[in-house]
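Participant: Take this structure first; my questions come after.
The values are calculated or read from the model by the stated rules, or taken from the named source; none is laboratory data. Note that the structure is predicted; figures quoted are calculated from it, not measured. Positions of Cβ are generated from backbone atoms using ideal geometry, with glycine treated the same way; all protein chains shown enter the neighbour counts. For the accessible areas, the whole protein counts, side chains as well, though only heavy atoms, and no ligand, DNA or RNA atoms are used. Shrake-Rupley method; radii C 1.70, N 1.55, O 1.52, S 1.80 Å.
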There are 2 protein chains.
Amino acid sequence: MTDDASAPTHPSEDWFIDADTHITEPPDVWVDRVPARFRDRVPHVERSADGVDQWVLDGQPFYNIGLTAVAGWPEPFPGGPRNYDECHPAAYDPAARLAYMDDEGIWAQVLYPNVASFGGQRFLSFPDDELKLVCVRAYNDFLRDWAAADPRRLVTIMSTPFWDVDAAVAEVRRGAEAGHRGILFTGEPHRFGLPFLADRHWDPLWATAQDLGLPVHFHIGSGDTASSFTPERVAATSTAATFAYTAIEMFLKNGLQVADLLMSGILPRFPDLQFVSVESGIGWIPFVLEAVDHNYREGRVDRTSEWDRMPSEYFATNVYACYWFETAATTEMLGLLPADRILFETDFPHPTCLYGNVHERMEASLAGVPEYVRRKILWDNGAALYGIAAPEPAPVRA
Amino acid sequence: MTDDASAPTHPSEDWFIDADTHITEPPDVWVDRVPARFRDRVPHVERSADGVDQWVLDGQPFYNIGLTAVAGWPEPFPGGPRNYDECHPAAYDPAARLAYMDDEGIWAQVLYPNVASFGGQRFLSFPDDELKLVCVRAYNDFLRDWAAADPRRLVTIMSTPFWDVDAAVAEVRRGAEAGHRGILFTGEPHRFGLPFLADRHWDPLWATAQDLGLPVHFHIGSGDTASSFTPERVAATSTAATFAYTAIEMFLKNGLQVADLLMSGILPRFPDLQFVSVESGIGWIPFVLEAVDHNYREGRVDRTSEWDRMPSEYFATNVYACYWFETAATTEMLGLLPADRILFETDFPHPTCLYGNVHERMEASLAGVPEYVRRKILWDNGAALYGIAAPEPAPVRA
């Protein structure tokens, strides 16, 4: 970290791109952005008698805002701030976010939700289809408003009404116009009674995303998570053990979703479409690629691919994945991973995020990694994927 | 391969231990081994009009024997022999199995089921509790009969009536007397309405297994597999793609079961108890261990373990895992894996098993691996785990 105006001009030597962070949605997301007749029906925040800020729908609290805004909080999950006043302001306020990014040398952050779940699947539980769509649109509008603090540095990933593929296509077109740089999707549509990922049902969405150059994102926890963190499991173990188990379940489910994607035929049909596995880690990738190729080959009459290439080869051209806590993966496994496909993230301000130790963890993960690979992971890959321009001239950091 | 009587005396230089194979159960397993009053109610084999040998229970065919006896069969899954006559005889006949093992340089094989599912969970669907128990016991008796062809070389893993922990303890004690060298268990008891793996409910079983020195085995596919290989997924993709997807799901589910085990507190409570992840591959292990430690630490107030060691460290003393198709894993990842914990397997005679290419795949996976590690993987680890004695003097192979 330097305040020297003669700092290196290539941003990757000083600034990096953070490929996965979350916004602690402020209270006005929906109430200020839906037509008047919906205003009383959308999620809003109420503070409980004991000072807990909760999202409420139809009179029912369904999400404590502090649960996923814990950066810097001393107690582990499920501890956390009770309300916005106790949160790190960078969780919900874009100016504070940019100041935090300056402090950490983060030039750009990719922004994901909390309230509507990591695949936007909570919208599905809203009472009627019109309300669902209105709320998806309002969320996407909110994201652009938030990013207006510095659209170069705040990269927004839009939600979709994925339960209606035509509506999803229309919203993606609208979102591209508005400046969104990616699409949030569920990695397990079949868990919601929708067609499998491979089903041609989704082709209009993939075609639109490809046309618009918008990558599709599978954030962990984008599927059915109902059976993961249960009171029964906590009772049999502990909160900490259940928390860790649930994390592994989410990571490995993304591994399975990547296998599903590689087996779907989507990538041969849409060769320019990009997918991103977010917050999943990367250490499972070499295994999944080798296992997919082996089992697919063994299942085919002629032991060759029905497509131009083997499944794993599509990963190397069409799939990205993000890591943060791993150190072994990058130093020992990079020989097995395409370096063009790896993104670094902090997951701010979530439980287990890198906070206060960002550079320490980053350096631990990149020890012994060649400079050109380091640059790909910290800058080039994200810059190319999201169209992030290097600051010119490089701004001086405080 | 040599027929020279002066071949190296240490068996690992010539013979290896195959840690996962399956028996294509012959027709007499149950009908010849249950009390007379059950004889008409247990699974038996009927040949259909088109020559397909099927296991039948209560008049309903439920398993085609050729589905999992495909070694050497030219067509991929779901192709396969119609009946015993078309199977490789080593699938179902112990003398033929030993001859095949001689040909391949396999000194010992560990033997798993087909008909009762890979965790023995099909017994659960049998009509009543008495019949379930009778069938488990008959299966275990059958295994010992089959292994009598050479008990030194045919290592049997007993099933248990795991839906009744007291009955399971009694059967494990009976099985140990009979010569079984391990216990088959489901990695997901909670999927069958039973307590979580971590629940103290299971402690009598773990205590018994520890007392008797019997390792507990999680073979892939030991949980709820109902939603894996579905006609809907095949319709959306292809048989080969669904086959590969399902394989990855089974492998990664074992990864999750290992995480569950490490978070269960079982290993600190039963420090001499051993678990084996069978047919799961090994390439996901470094990731799962790092991810478990990170997330567990972050979930704890003091960022330390509630046990003597971190979860990953228990893997290194209490968990084994078996691989077969991976080549990258052993050469590139061995720095991240405890070599004492890795077993090599062929999965004979299953789809995707190593057959006709056993030594080619083995050598590809061990290229560049130090000799002492090779020896651990091919001999020492399995010999120690199952008490397999080296042949003295080394037999001469034909």
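Participant: If you go through segment A:68-118, how many residues are under 30 Å from residue A:14 (Cβ atoms), among the hydroxyl-bearing types (Ser, Thr, Tyr) and in contact with a helix residue (DSSP H, G or I) (Cβ under 8 Å, 6 or more places away or on another chain)?
Facilitator: 2
Participant: Still on this structure, I have one more. Counting only residues that are open to solvent by 30 Å² or more (accessible area, probe 1.4 Å) and in contact with a Ser or Thr (Cβ under 8 Å, 6 or more places away or on another chain), how many does segment A:226-240 have?
Facilitator: Looking only at that region, the number is 3.
Participant: Out of all the residues in segment B:191-201, which are at the interface with chain A (Cβ under 9 Å from one of its Cβ atoms) and either in a loop (DSSP other than H, G, I, E, B) or modelled with pLDDT under 95 (or both)?
Facilitator: Within segment B:191-201, B:195, B:196, B:197, B:198, B:199 qualify.
Participant: Filter segment A:22-56 for residues that are outside any loop (DSSP other than H, G, I, E, B) and touching a Lys or Arg at 6+ places or on another chain (Cβ under 8 Å) and give the result.
Facilitator: Filtering segment A:22-56 for residues outside any loop (DSSP other than H, G, I, E, B) gives A:22, A:28-31, A:36-41, A:44-47, A:53-56.
Once the filter is applied, which keeps residues that are outside any loop (DSSP other than H, G, I, E, B) and touching a Lys or Arg at 6+ places or on another chain (Cβ under 8 Å), segment A:22-56 yields A:31, A:53, A:54.
Participant: Separate question: Looking at A:275, A:243, which is the one that is farther than 30 Å from residue B:68 by Cα, among the hydrophobic types (A, V, I, L, M, F, W, C), open to solvent by 20 Å² or more (accessible area, probe 1.4 Å) and within 21 Å of the chain's Cα centre (by Cα)?
Facilitator: Being farther than 30 Å from residue B:68 by Cα, among the hydrophobic types (A, V, I, L, M, F, W, C), open to solvent by 20 Å² or more (accessible area, probe 1.4 Å) and within 21 Å of the chain's Cα centre (by Cα) holds for just one of A:275, A:243, which is A:243.
Participant: Output the residues belonging to segment B:301-324 that are within 20 Å of residue A:77 (Cβ to Cβ) and surrounded by fewer than 19 Cβ atoms within 10 Å (Cβ to Cβ).
Facilitator: B:301, B:302, B:303, B:304, B:305, B:306, B:307, B:310
Participant: To continue, here is another question. For segment A:237-259, give me each residue that is more than 25 Å from residue B:201 (Cα to Cα) and more than 7 Å from every other protein chain (Cβ to nearest Cβ).
Facilitator: Once the filter is applied, which keeps residues that are more than 25 Å from residue B:201 (Cα to Cα) and more than 7 Å from every other protein chain (Cβ to nearest Cβ), segment A:237-259 yields A:250, A:253, A:254, A:257, A:258.
Participant: Let me ask you something else. Being in a helix (DSSP H, G or I), within 14 Å of chain B (Cβ to nearest Cβ), of a type outside the set (Lys, Arg) and open to solvent by 50 Å² or more (accessible area, probe 1.4 Å), is that true of even one residue in segment A:202-224?
Facilitator: For segment A:202-224, residues in a helix (DSSP H, G or I), within 14 Å of chain B (Cβ to nearest Cβ), of a type outside the set (Lys, Arg) and open to solvent by 50 Å² or more (accessible area, probe 1.4 Å): absent.
Participant: In the set A:82, A:41, which member is open to solvent by 60 Å² or more (accessible area, probe 1.4 Å), over 16 Å from residue A:122 (Cα atoms) and of a type in the set (Lys, Arg)? Please lay out each step first, then the result.
Facilitator: Numbers: A:41 fails: over 16 Å from residue A:122 (Cα atoms).
A:82 is the lone residue from the list that is open to solvent by 60 Å² or more (accessible area, probe 1.4 Å), over 16 Å from residue A:122 (Cα atoms) and of a type in the set (Lys, Arg).
Participant: Right, something else. Among the residues of segment B:260-272 satisfying the criterion of being within 21 Å of the chain's Cα centre (by Cα) and closer than 19 Å to residue A:249 by Cα, which is nearest to the other protein chains (Cβ to nearest Cβ)?
Facilitator: Of the residues in segment B:260-272, the ones within 21 Å of the chain's Cα centre (by Cα) are B:260-262, B:266-267, B:272.
Restricting the remaining residues to those that are closer than 19 Å to residue A:249 by Cα gives B:260-262.
Working: B:260: 6, B:261: 10, B:262: 8 Å.
Among residues in segment B:260-272 that are within 21 Å of the chain's Cα centre (by Cα) and closer than 19 Å to residue A:249 by Cα, the one nearest to the other protein chains (Cβ to nearest Cβ) is B:260.
Participant: Does residue A:130 satisfy being surrounded by fewer than 18 Cβ atoms within 10 Å (Cβ to Cβ), over 21 Å from the mean Cα position of the chain (by Cα) and within 28 Å of residue B:296 (Cα to Cα)?
Facilitator: Numbers: surrounded by fewer than 18 Cβ atoms within 10 Å (Cβ to Cβ): yes; over 21 Å from the mean Cα position of the chain (by Cα): yes; within 28 Å of residue B:296 (Cα to Cα): no.
It is false that residue A:130 is surrounded by fewer than 18 Cβ atoms within 10 Å (Cβ to Cβ), over 21 Å from the mean Cα position of the chain (by Cα) and within 28 Å of residue B:296 (Cα to Cα).
Participant: Sort out which residues of segment B:144-185 are open to solvent by less than 40 Å² (accessible area, probe 1.4 Å), of a type outside the set (Gly, Ala, Ser) and farther than 30 Å from residue B:98 by Cβ, and write them in order of number.
Facilitator: Matches in segment B:144-185: B:161, B:162, B:165, B:169.
Participant: OK, next. Where residues in segment A:44-61 are without any contact (Cβ under 8 Å) to a residue 12 or more places away in the chain and not small (Gly, Ala, Ser), which of them is surrounded by the fewest Cβ atoms within 10 Å (Cβ to Cβ)? Give the derivation first.
Facilitator: Step one: of segment A:44-61, the residues without any contact (Cβ under 8 Å) to a residue 12 or more places away in the chain are A:49, A:54, A:59-60.
Now drop any that are not not small (Gly, Ala, Ser), which leaves A:54, A:60.
On the way: A:54: 20, A:60: 8.
Filtering first and then ranking leaves A:60.
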